[in-house]
Amino acid sequence: MSSETITSREYITHHLTNLTYGQHADGTWGLAHSGEEAAQMGFWALNVDTFGVSLALGMIFMFVFHRVAKRVTTGVPGGMQNLVEMVVDFVDDNVKGMFHHQSKVIAPMALTIFVWVLMMNIMDLVPIDFLPELGKVFGLHFLKVVPSTDVNITMGLALSVFCVVIFFSIKQKGLGGFAAELAFHPFGKFGLPINLFLEIVNLLAKPISLGLRLFGNLYAGEMIFILIALLPFWIQWALSVPWAIFHILIIVLQAFIFMVLTIVYMAMAFDDH
């Protein structure tokens, strides 16, 4: 901030603005050069930084796990194999403890959610100005590198889980069985209007709670890092290091909660009662 004449408000706004691609007011398509311009691009604008970073992290996740699986040894495992096995066993234990049905989908989906969300959350520990300043070298006006602080990503993940839950609910119970759950629980057929209201609210609350919980916690964490970065340099280390250590707990916990709730919702989709 000392090298640029910008206010604290401008600094915060800059770090909370995505690198957005969309249609300008004159009808042309391109990157937005300000937060106001990004907002005017409307619903079909694409947050390039969110999309790019999340895709890159997903590819790294698949590459590392695939590489370890191809080179797995039966003797004393190396560091990476040991880490991957520990994560897989951790997820597998949680799935076995909460999901008491047979499915080849649940464990891989839970593993993907946990590791991918964790990797996206970990980006919040990268120094707040490092990657945005590096992006300026390549002509990027904005660069928001924590995908889970973008509600588009968190709600996209939540809606994906929601669609999978609905699909397996109908597959396991049939369309009639799924409709009966909404219409006849918990007060029987005579309480149909109330049942529908309660069950539909309960159903819609699942993706909303999944997406907004992850978004809110990571967005708040990023905001605190930004506020710390506004302080004098000698104070930053005194605050940022303890907050980063504490934030590690939030990063892991939010990935864990997203995974656990997904398993629970899938178990409910398979349950007949």
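The values are calculated or read from the model by the stated rules, or taken from the named source; none is laboratory data. Please read these numbers as outputs of a predicted model, since none were measured by experiment. Here the Cβ positions follow ideal geometry from the backbone for every residue, glycine too, while neighbour counts run over all protein chains shown.
Within region 69-77, identify whether any single residue is within 22 Å of the chain's Cα centre (by Cα), of a type outside the set (D, E) and surrounded by 14 or more Cβ atoms within 10 Å (Cβ to Cβ), and answer yes or no. Show your work before the answer.
Step one: of region 69-77, the residues within 22 Å of the chain's Cα centre (by Cα) are none.
Checked against the condition, which is being within 22 Å of the chain's Cα centre (by Cα), of a type outside the set (D, E) and surrounded by 14 or more Cβ atoms within 10 Å (Cβ to Cβ), region 69-77 yields no hits at all.
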Could you check, for region 92-107, whether at least one of its residues is under 30 Å from S169 (Cα atoms), buried (at least 16 other Cβ atoms within 10 Å of the Cβ), in contact with a Lys or Arg (Cβ under 9 Å, 6 or more places away or on another chain) and aliphatic (A, V, I, L, M)?
yes
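May I ask you to say which residue of L210, L218 is farther than 19 Å from L125 by Cβ, within 24 Å of the chain's Cα centre (by Cα) and assigned to a helix (DSSP H, G or I)?
On the way: L218 fails: farther than 19 Å from L125 by Cβ.
The conditions single out L210.
If you check T154, T149, which single one turns out to be in contact (Cβ under 8 Å) with a residue 12 or more places away in the chain and touching an Asp or Glu at 6+ places or on another chain (Cβ under 8 Å)? Reasoning before the result, please.
Working: T154 fails: touching an Asp or Glu at 6+ places or on another chain (Cβ under 8 Å).
Exactly one of T154, T149 is in contact (Cβ under 8 Å) with a residue 12 or more places away in the chain and touching an Asp or Glu at 6+ places or on another chain (Cβ under 8 Å), namely T149.
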I'd like the residue in region 204-222 that is without any contact (Cβ under 8 Å) to a residue 40 or more places away in the chain and aliphatic (A, V, I, L, M) and, out of all such residues, is nearest to I248 (Cα to Cα).
A220
Among the residues of region 34-87, how many are more than 20 Å from L111 (Cα to Cα) and touching a Pro at 6+ places or on another chain (Cβ under 7 Å)?
1
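Across region 183-205, what is the total count of residues that are part of a helix (DSSP H, G or I), surrounded by 13 or more Cβ atoms within 10 Å (Cβ to Cβ) and within 33 Å of the chain's Cα centre (by Cα)? Give the steps one after another, and end with the answer.
If we filter region 183-205 for residues that are part of a helix (DSSP H, G or I), which is where we start, we get 183-184, 189-205.
Checking the rest, the ones that are also surrounded by 13 or more Cβ atoms within 10 Å (Cβ to Cβ) come to 183-184, 191-192, 195-196, 198-199, 203.
Within this subset, residues satisfying the condition of being within 33 Å of the chain's Cα centre (by Cα) are 183, 195-196, 198-199, 203.
Selection size over region 183-205: 6.
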Residue check, I128 against (1) of a type in the set (A, V, I, L, M); (2) more than 19 Å from I248 (Cβ to Cβ); (3) outside any helix (DSSP H, G or I), all met but one. Which one?
(2)
Would you check if there is a residue in region 240-250 being closer than 23 Å to G156 by Cα, in contact with a helix residue (DSSP H, G or I) (Cβ under 8 Å, 6 or more places away or on another chain), at pLDDT 90 or above and in a helix (DSSP H, G or I)?
yes
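From E85, E37, which residue is more than 24 Å from the chain's Cα centre (by Cα), of a type in the set (D, E, K, R) and in a helix (DSSP H, G or I)?
On the way: E85 fails: more than 24 Å from the chain's Cα centre (by Cα).
Of the residues listed, the single one that is more than 24 Å from the chain's Cα centre (by Cα), of a type in the set (D, E, K, R) and in a helix (DSSP H, G or I) is E37.
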For region 54-70, the count of residues that are among the aliphatic types (A, V, I, L, M) and either in contact (Cβ under 8 Å) with a residue 24 or more places away in the chain or over 14 Å from W116 (Cα atoms) (or both) equals 4
Residues of region 68-104 that turn out to be within 14 Å of A267 (Cα to Cα) and not small (G, A, S), as a count:
9
Have a look at F178, F167 and point out the one that is part of a helix (DSSP H, G or I), over 22 Å from the mean Cα position of the chain (by Cα), surrounded by fewer than 20 Cβ atoms within 10 Å (Cβ to Cβ) and among the aromatic types (F, W, Y).
F178
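Name the residues in region 219-273 that are aliphatic (A, V, I, L, M), in contact with a His (Cβ under 6 Å, 6 or more places away or on another chain) and more than 17 Å from P147 (Cα to Cα), would you? Explain how you work it out, then say what you get.
At the first step, the residues of region 219-273 found to be aliphatic (A, V, I, L, M) are 220, 223-224, 226-231, 235, 238-239, 241, 244-245, 248-253, 255, 257, 259-261, 263-264, 266-269.
Restricting the remaining residues to those that are in contact with a His (Cβ under 6 Å, 6 or more places away or on another chain) gives 226.
If the condition is that a residue be aliphatic (A, V, I, L, M), in contact with a His (Cβ under 6 Å, 6 or more places away or on another chain) and more than 17 Å from P147 (Cα to Cα), then no residue fits.
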